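Right, one structure below, let's go through it.
The values are calculated or read from the model by the stated rules, or taken from the named source; none is laboratory data. Worth saying up front: this structure is predicted, and the values here are computed from it rather than measured. Quick reminder, even Gly has a Cβ in these numbers, built from the backbone with ideal geometry, and neighbours come from all protein chains shown. Remember, those area values only see protein heavy atoms, side chains included, never the ligands or the DNA or RNA. Shrake-Rupley method; radii C 1.70, N 1.55, O 1.52, S 1.80 Å.
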Amino acid sequence: MILSDISKIENKNKDKKAIDVKSHKLNKSKLFIIIMLAWPVAHWLVFTLFMNLQTLVYSFQRLNRFTGKMRFAGTENYMELFEKIINNTASYGIAFRNTFLWLGLNVLVIVPLSLVVAYVLSKKIPFHRFFNAVLFIPNIISIVILTMVWSFAWAPNQGLVNELLTRLGLEHLTRVWLGDPKSALINVFVYCVWAGIGFNNLILSGAIAKIPKEILESAELDGISNWQEFIHIVIPSVWPTICTVTILGATAAFRVFLHPQLLTNGQYGTSTIALKVVEEVLAGGSYGLASAAGITMAVLGYIAVSIIKKFLDKREKEWS
Amino acid sequence: MASITLKNIYKKYDHDVTAVEDLNLEIKDKEFIVLVGPSGCGKTTTLRMVAGLEEITQGELYIEERKVNDVAPKDRDIAMVFQNYALYPHMTVYDNMAFGLKIRKMSKEEINDRVINAAKILGIEEYLKRKPRALSGGQRQRVAIGRAIVRDPKVFLMDEPLSNLDAKLRNEMRTEILKLHKRLNTTFIYVTHDQTEAMTLGDRIVIMKDGVVHQVDTPQNVYENPSNVFVAGFIGTPQMNFFEAELKCEDDNYFVLFNGHTINLSKEYIEKFKSQNVKSQLITLGVRPECITITDKSQDSYEVNVDVSELMGNEMLIHSRINDNKIIIRSETRYDIKTDHKINISLKWDKIHMFNKETGINLKM
């Protein structure tokens, strides 16, 4: 009887020790998780949540230039923004239009063009590795250098393009490419296409390379042409990747300001709302108006991206 | 329906790697031919050259009377079933089967008739609206075969189509493929590394190794008269047992010295050797596991130790040794034979194979 009691006590002690070890391990793993999450959570709280909330608050406030304090202004900033857009005051209307043209450019021009380029290069045409590298170069060189080189090439005097046109006897076509409202925006767009294809091409090339070889061979035996292969096999196969680059491109359109600023200083009809935000903050100190513009574009961007995503998801559902 | 002729076909890759070397093969119309061999033997490369997916480095390939070396795959009137099915994942089963026909601009009615008919043959009618990911491996393989059937091609090419299936399904599908061949009555070229598939499916089988064809013959002939040691070892499960021995020729008589025993050969062998003027030489003896019997102790028997005995149900496999040579014996099930038991065995000398020790060539051929 006594012996059995002793063994019971021993067993209890053993169980207690085992629980202690287990809880110690659990505490250690909890501590590890907390340490690993601390920085990203803090970063998100400060630089995402707080800053966005602050922007939202600013959008309903105005800076009193005499006292240097912010005051509640209701929807004044929003009303001023809409007025400026409608009346094209300080080119706000053009900037608004351009932002959506950029959305179209990124989604309807750069992504499809990148896909075509990636497909053509996937066919292992001569120098395909070279072309891949050349297309990606704009992504590893500073945008300041790139825009500078681009500006030199399109410069009115001694620029590569005008020089070439003159030598070809097409002098009448020469112009101040980046200083003429008729050509400046198109020129900035062409720059964006040139600089933007490389990244998408890299991502899409990876996706195309992952299409099983047998599927393409099976299609070849079915008698498919390159065009049919592109439409019926390649696009559906890499659709999830197309969705990703399209969404990335669409969201990027609402943040475009560096390209027009560095190429044309936002002049000659090339400005964007994002650039206007920068200008308002740097030049006028109109934090309220800038914040209202930012919030408005974020809302419009969300709506635009949601519509695009809905279309993309519909296709994905069909093809998955 | 078509005959296929491969004349002196070579396939060489960069850095002088030869995948297929001087391959000559005549495939008759409606024949079911199986290319079999270990990994890297060139069987799939050969099939891909017939399909047009791989360029022929040297030699000529004819489908019927037409030389097709430079003919595009789509114009060769062939259909291929791939090892991993190669179904279009974004299309339904119906569309997968209809796609090739749509590309060829066939009328909708004709396409529908062909797809429904093929689906009936393969028993996949109820899956026509499903996507491949919603199908099991066996069903996907049927769809892949269906996609080939609807094309009504002259030649069916199959590249290890059953290797991704489990053993039970593989057996079922093997029978299905045989039935399909009979039903479609067209030329089949089938690639596999599984000699059981080769033996059961092929009208003739082509055994390859290192890009070279070692034997082309009916399954029975390949099993009973292997052309060399490689074929003898590759075909048959468990594989043939090999021993070193000596063939002696004295006074117009031939006999074999093996493990201290003198074995007189059958008249058939002696006549053959005489006509070919075969001389005394070191040989490799080949004995199939079923040609070894467990007997009582006698002058002609060998006493061996049982290393492992594997009970297979209707038969048993006994792993043992003669001198240092591993030996496998196929016997009827006997529960009294256990590991480490001593047993006496005798070889069926009329069923043995003799190969030249150096060249590995069957002396009987």
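Listed values, structure above:
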| item | result |
| --- | --- |
| Of all residues making up region B:286-313, the number that are open to solvent by 70 Å² or more (accessible area, probe 1.4 Å), outside any strand (DSSP E or B) and under 16 Å from residue B:334 (Cβ atoms) | 2 |
| Residue count for region B:152-180, restricted to those that are within 16 Å of residue B:124 (Cβ to Cβ) and either open to solvent by less than 60 Å² (accessible area, probe 1.4 Å) or within 13 Å of chain A (Cβ to nearest Cβ) (or both) | 6 |
| Filter result for residue B:258 (surrounded by 14 or more Cβ atoms within 10 Å (Cβ to Cβ) and out of contact with any Lys or Arg (no Cβ under 9 Å at 6 or more places or on another chain)) | yes |
| Selection status of residue B:132, within 14 Å of chain A (Cβ to nearest Cβ) and more than 24 Å from residue A:320 (Cβ to Cβ) | no |
| Breaking point among (1) part of a strand (DSSP E or B); (2) surrounded by 14 or more Cβ atoms within 10 Å (Cβ to Cβ); (3) over 25 Å from the mean Cα position of the chain (by Cα), for residue B:337 | (1) |
| Region B:62-75 residues that are acidic (Asp, Glu), paired with ones that are part of a loop (DSSP other than H, G, I, E, B) (beta carbon under 7 Å, 6 or more apart) | B:64/B:2; B:64/B:3 |
| Scan of region B:86-104 for residues that are farther than 18 Å from residue A:320 by Cα and more than 10 Å from every other protein chain (Cβ to nearest Cβ), ordered by number | B:98 |
| Failed item in (1) buried (at least 20 other Cβ atoms within 10 Å of the Cβ); (2) away from chain A (no Cβ under 14 Å); (3) more than 24 Å from residue B:14 (Cβ to Cβ), with residue B:65 passing the rest | (1) |
| Subset of region B:111-136 [farther than 16 Å from residue B:100 by Cα and acidic (Asp, Glu)] | B:125, B:126 |
| Residue satisfying condition, being without any contact (Cβ under 8 Å) to a residue 12 or more places away in the chain and of a type in the set (S, T, N, Q), within set A:237, A:271, A:291, A:225 | A:225 |
